[in-house]
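Everything on this sheet refers to the single structure shown next.
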Amino acid sequence: MTVTIVELVRLFAEPLSTAVVLTDIDLEQPGPTILYANPAFTSMSGYAGAEVLGKSPRILQGPNTNRQLTRVIARRLQVERRFHGVLENYRKSGEAYLCEVDVRPIHGRNEEPLGFLAFEREVVRRRGRPAQGAGGRYQPIVSEAHEVRTAWATPTPFC
């Protein structure tokens, strides 16, 4: 039995409360192509999974999305193949929200990158001084399951 990368991601991502988006590896304009988005992504962004298939994650950008940060994201993915940070995205309705994004590559048997997997969650900026630890200036709107972060702590080859 052969399982595609999209089917494999769908199996683990469907029940998660964390938004999960799988893209191809093409970072040139108009950007990577969305291959899969889970129901949590639909809840957060307002876009149905079928609506975003074949489109770039850039559809979530709007007038106040930091363009310099989007260039940093592209550079980090090209060089380091990883990005973790917070940017302002926009829901389908046009409403802005802060989105913490952790993008990681999925590698094939020969360590060639097959796609990027993004874990996304809405966050709010904390008041006062930044907190110490992983949360820093931002805290999640919805409490997240620890297993999502630990499951992808190191890149795993897709067979």
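Observations, loosely collected:
- In region 100-115, of all residues being surrounded by 15 or more Cβ atoms within 10 Å (Cβ to Cβ) and out of contact with any Lys or Arg (no Cβ under 7 Å at 6 or more places or on another chain), the one that is farthest from N38 (Cα to Cα) corresponds to H107.
- For region 112-130, a residue qualifies if it is over 23 Å from V6 (Cα atoms) and either assigned to a strand (DSSP E or B) or of a type in the set (G, A, S) (or both), and the qualifying residues are E122, V123, V124, R125, G128.
- In the set (1) free of Cβ contacts under 8 Å to residues at least 40 places away in the same chain; (2) within 19 Å of A13 (Cα to Cα); (3) open to solvent by less than 50 Å² (accessible area, probe 1.4 Å), the condition left unmet by F119 is number (1).
- Tally, over region 70-100, of residues that are over 16 Å from P57 (Cβ atoms) and hydroxyl-bearing (S, T, Y): 1
One line per residue, one yes/no per condition, for (1) small (G, A, S); (2) surrounded by fewer than 16 Cβ atoms within 10 Å (Cβ to Cβ):
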site: L27; (1), (2): no, yes
site: A40; (1), (2): yes, no
site: S45; (1), (2): yes, no
site: G54; (1), (2): yes, yes
site: P57; (1), (2): no, no
site: P63; (1), (2): no, yes
site: V72; (1), (2): no, yes
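The values are calculated or read from the model by the stated rules, or taken from the named source; none is laboratory data. Just so you know, these numbers come straight off a predicted model, no measurement behind them. Quick reminder, even Gly has a Cβ in these numbers, built from the backbone with ideal geometry, and neighbours come from all protein chains shown. All accessible areas refer to the heavy atoms of the entire protein, side chains included, with ligands and DNA or RNA removed. Shrake-Rupley method; radii C 1.70, N 1.55, O 1.52, S 1.80 Å.
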